[in-house]
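Working notes, structure below.
Each reported figure results from applying straightforward, stated rules to the coordinates on display, with no laboratory input. Bear in mind that the values here come from a model prediction, so they are computed numbers and not experimental data. Positions of Cβ are backbone-derived with ideal geometry, glycine not excepted, and every protein chain shown enters the neighbour counts.
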Amino acid sequence: MTIAKWCVLIACFLPSVTALPPKIRSPRQSLKDGKYDNNNPREWESKLIGWQKRAIAAHSNGYEALPLFIEAVIFAQMAKGDQSRIDMLAMIFFALRVKYIAAYLMNFGGLRSLIWAAAMAVNVGLFLM
């Protein structure tokens with residue numbers, strides 16, 4: 001399996017990993033028992049504040065960004081692009097997504113937008129191969 005395919009696989013789990021910390025450390029004010037409510041997760045999410053709310057937003061954005069990345073890797077490989085370049089771009093995309101999550105959690109909106117744009121540019125680079 002290529003490095004790019006590994007990046008796709010790992011990127012598929014990244015949004016779920018992003019949502020774990022707020023579920024583990026739910027704020028007391030979010031629900032009467034102060035814990036994640038698996039029976040009603042949308043209500044629980046709507047009551048989050050601070051970094052936990054941003055983590056859930058990053059989680060949602062991770063799923064939104066995933067289809068384009070997967071398609072870009074598949075199309076680059078179908079076009080028989082240089083595999084080492086595809087692998088490099090896939091690793092860059094993954095690293096940018098990790099940085100995006102960190103910027104989201106730290107509430108650095110401007111930096112987060114720049115990182116998002118760079119990740120989109122990587123996808124375009126994959127598509128152009």
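Could you name the aspartates and glutamates whose alpha carbon sits less than 16 Å from that of K47, not counting residues in the same chain fewer than 8 places away?
Candidates past the 8-residue exclusion: D33, D37.
Could you please report the charge total around A102, scoring K, R as +1 and D, E as -1 over all other residues with beta-carbon less than 12 angstrom from its beta-carbon? Working shown, then result.
On the way: positive: R54, R97, K99, R112; negative: none.
Result for the neighbourhood of A102: +4.
Work through the residues other than A11 whose Cβ is under 11 Å from its Cβ and net out their charges, Lys, Arg +1 and Asp, Glu -1. Could the numbers behind the result be given before it?
On the way: positive: K5, R97; negative: none.
Result for the local shell: +2.
Calculate how large, on average over all directions, the projected area of the Cα convex hull of the range 63-129 is; give the answer in nm² to one decimal.
Numbers: hull surface 16.0 nm².
For the Cα atoms of the range 63-129, the hull's average projected area reads 4.0 nm².
For the chain, modelled as a GNM with alpha-carbon contacts under 10 angstrom, which of N61, N107, N38 fluctuates the most?
Greatest mean-square fluctuation among the candidates belongs to N38.
Can you compute the radius of gyration and Dmax for the chain, using only the Cα atoms, both in Å?
My reading of the Cα-based Rg and Dmax gives 16.6, 55 Å.
Considering only Cα-Cα distances, which of the following residue pairs are longer than 19 Å: K35/K99; K5/K80; K23/K99? Could you put the intermediate results ahead of the total?
On the way: K35/K99 27 Å; K5/K80 14 Å; K23/K99 21 Å.
The pairs that break the limit, which is 19 Å between Cα atoms, are K35/K99; K23/K99.
Please identify, among P21, P67, P41, the residue showing maximal mean-square fluctuation in a Gaussian network model of the chain using a 10 angstrom Cα cutoff.
It is P41.
Cα axis of helix 83-105 to longest principal axis of the chain: angle in degrees, 0 to 90, nearest 10?
20 degrees
How far, in degrees from 0 to 90, does helix 109-127 lean away from the longest principal axis of the Cα atoms of the chain, to the nearest 10?
Taking the Cα atoms of the chain, the angle to 109-127 is about 30 degrees.
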